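Chemist: Take a look at the following structure, please.
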Amino acid sequence: MTPITASAPAKLILCGEHAVVYGRPAIALPLAGIRAHAEISPGQPGRGVRIRARDLRRRWRLADDPGHPFSELVAKLLAETASSDRLPDLNITLRSSIPIASGMGSGAAVATALVRVLAAYLGCDLAPAAISALVFASEQRFHGTPSGLDNTVIAYEQPIWFQRTKDEGRKTNDEIPASSSVLGPSSETQATPLIEPIIIAAPFTLLIADTGVRSPTRAPVGAVRERWQAEPARYEGLFDEVGALVTQARACLARGDLGALGLLLSHNHSLLQRIGVSSPELDALVAAAQAAGALGAKLSGAGWGGVMLALVDAERHQAVAQALHSAGAQRVIATAVQQHFV
Ligand code: PMV
């Protein structure tokens, strides 16, 4: 057997993070050039499935750690398709160029690559909705109460508008009902109620700057939930403001109004500060980008660390990138966003 490979992209939340957990819309983009990879090759006879996650510096036999979210994903897919109870002898290698715990969806991307490679090995043709639902279950193990945004944008691999129903945001994810989706078939386990493609009338460039501070998603998401429980009216109001600006951002994308989009992104950052998920490092990068002439800038993802994004035009691209480096960015990636990703 020659090795079988598959991959999945990183993602970036353009606007709407956190509020999306509580039923407001968000817009997210796949980053085609930054990917997680999975490979399956034959294992030693009698050794069963062995998983090696190179970036986590971990290697384990599925039978020795069946509760690991990746072990569970593999066992679930094999159980649904296997002809015998015995696990096949396989080596699965996972690697990723996506920084971990940085707001770029590394966990969901690795899980998606894993599901894709297993599907290829098993010869089953899984639709994006089915892949997304499997990865969502895995994300719940890592994140606690994910909205389903990461697994959806990564599985569909196109810019999306994403919205749960309002009530779902108030429940635990175990209670989320079957979804409806206009991009693909709905399924009993799909976690996302509304997924729509978005129109991007004018291509634009985002600079993504990494604070270098690793912040697992679960912590800020849990903190926001506690604050929302303590002060529901205040947080519902903030989430409403985020939802309103995301709706306006979609209209800006559809008419190619990048100036107005930039202002909305910066406003989103102010709201995320008030929600309590920014950090001194993120604020410094956002301020530096704005001062250097970015059309707008904000943190992206769960916050308290990880990455921020800056919307730049061609004239200010270099100056903003330089300003981000000077303000402490560990690395700066430029990504071109357009209607069809290649
Ligand atoms: O930090 P990330 O990439 O896992 O993004 C989290 C996005 C949140 O809206 C904060 C949580 C979620 O599940 O949507």
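The values are calculated or read from the model by the stated rules, or taken from the named source; none is laboratory data. Only a predicted model underlies this, so the values are computations on that prediction, with no experimental measurement involved. Here Cβ is always computed from backbone atoms with ideal geometry, including for glycine, and neighbour counts include all displayed protein chains. For the accessible areas, the whole protein counts, side chains as well, though only heavy atoms, and no ligand, DNA or RNA atoms are used. Shrake-Rupley method; radii C 1.70, N 1.55, O 1.52, S 1.80 Å.
Chemist: Out of all the residues in segment 99-108, is one or more away from the ligand (no atom under 16 Å from the Cβ) and modelled with pLDDT of 90 or more?
Modeler: Scanning segment 99-108 turns up no residue that is away from the ligand (no atom under 16 Å from the Cβ) and modelled with pLDDT of 90 or more.
Chemist: May I ask you to say which residue of GLN273, GLN318 is within 24 Å of the chain's Cα centre (by Cα), of a type outside the set (Val, Ile, Thr) and open to solvent by 10 Å² or more (accessible area, probe 1.4 Å)?
Modeler: GLN273
Chemist: Further, regarding this structure: Might you let me know whether segment 202-218 holds any residue that is assigned to a helix (DSSP H, G or I), more than 16 Å from the ligand (Cβ to nearest atom) and exposed (fewer than 14 other Cβ atoms within 10 Å of the Cβ)?
Modeler: no
Yes or no, residue by residue, for (1) acidic (Asp, Glu); (2) under 20 Å from the mean Cα position of the chain (by Cα); (3) at positive phi:
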residue: HIS267; (1), (2), (3): no, no, no
residue: GLY293; (1), (2), (3): no, no, yes
residue: ALA302; (1), (2), (3): no, yes, no
residue: GLY305; (1), (2), (3): no, yes, yes
residue: ALA323; (1), (2), (3): no, no, no
residue: ALA327; (1), (2), (3): no, no, no
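Chemist: If you don't mind, another one. Mind checking whether some residue in segment 11-28 is modelled with pLDDT under 90 and among the charged types (D, E, K, R)?
Modeler: No, every residue in segment 11-28 fails to be modelled with pLDDT under 90 and among the charged types (D, E, K, R).
Chemist: Collect the residues in segment 106-137 that are open to solvent by less than 10 Å² (accessible area, probe 1.4 Å) and under 18 Å from LEU56 (Cβ atoms), keeping them in residue-number order.
Modeler: Within segment 106-137, ALA108, ALA109, ALA111, THR112, ALA113, LEU114, VAL115, VAL117, VAL135 qualify.
Chemist: Can you pull out the residues in segment 79-104 that are surrounded by fewer than 19 Cβ atoms within 10 Å (Cβ to Cβ) and hydrophobic (A, V, I, L, M, F, W, C)?
Modeler: If the condition is that a residue be surrounded by fewer than 19 Cβ atoms within 10 Å (Cβ to Cβ) and hydrophobic (A, V, I, L, M, F, W, C), then ALA79, ALA82, LEU87, ILE100 are the ones that fit.
Chemist: Answer yes or no: is there a residue in segment 181-197 that is closer than 22 Å to GLY222 by Cβ and at pLDDT 85 or above.
Modeler: No; the residues of segment 181-197 include none that is closer than 22 Å to GLY222 by Cβ and at pLDDT 85 or above.
Chemist: When you go through (1) within 15 Å of the ligand (Cβ to nearest atom); (2) open to solvent by 30 Å² or more (accessible area, probe 1.4 Å) one by one for LEU238, which number turns out not to apply?
Modeler: Unmet for LEU238, out of (1) within 15 Å of the ligand (Cβ to nearest atom); (2) open to solvent by 30 Å² or more (accessible area, probe 1.4 Å): (2).
Chemist: From the list GLN158, GLN163, pick out the single residue that is over 22 Å from TYR22 (Cβ atoms), at pLDDT 90 or above and open to solvent by 30 Å² or more (accessible area, probe 1.4 Å).
Modeler: Only one candidate passes the filter, namely GLN158.
Chemist: Name the residue, out of ASP257, ASP283, that is of a type outside the set (Val, Ile, Thr), more than 16 Å from the ligand (Cβ to nearest atom) and closer than 26 Å to PRO146 by Cα.
Modeler: Selected residue: ASP283, the only one of ASP257, ASP283 that is of a type outside the set (Val, Ile, Thr), more than 16 Å from the ligand (Cβ to nearest atom) and closer than 26 Å to PRO146 by Cα.
Chemist: Just to be sure before I move on: is PRO232 under 17 Å from SER106 (Cβ atoms) and open to solvent by 30 Å² or more (accessible area, probe 1.4 Å) in the structure I sent?
Modeler: So PRO232 fails the test.
Chemist: Given ARG35, ARG50, which one is within 16 Å of the ligand (Cβ to nearest atom), at pLDDT 90 or above and open to solvent by 10 Å² or more (accessible area, probe 1.4 Å)?
Modeler: ARG35
Chemist: Do you know which residues across segment 1-26 are within 11 Å of the ligand (Cβ to nearest atom) and either in contact with a helix residue (DSSP H, G or I) (Cβ under 6 Å, 6 or more places away or on another chain) or not hydrophobic (A, V, I, L, M, F, W, C) (or both)?
Modeler: ALA10, LYS11, CYS15, GLY16, GLU17, HIS18, ALA19, VAL20, VAL21, TYR22, ARG24, ALA26 - these are the residues of segment 1-26 that are within 11 Å of the ligand (Cβ to nearest atom) and either in contact with a helix residue (DSSP H, G or I) (Cβ under 6 Å, 6 or more places away or on another chain) or not hydrophobic (A, V, I, L, M, F, W, C) (or both).
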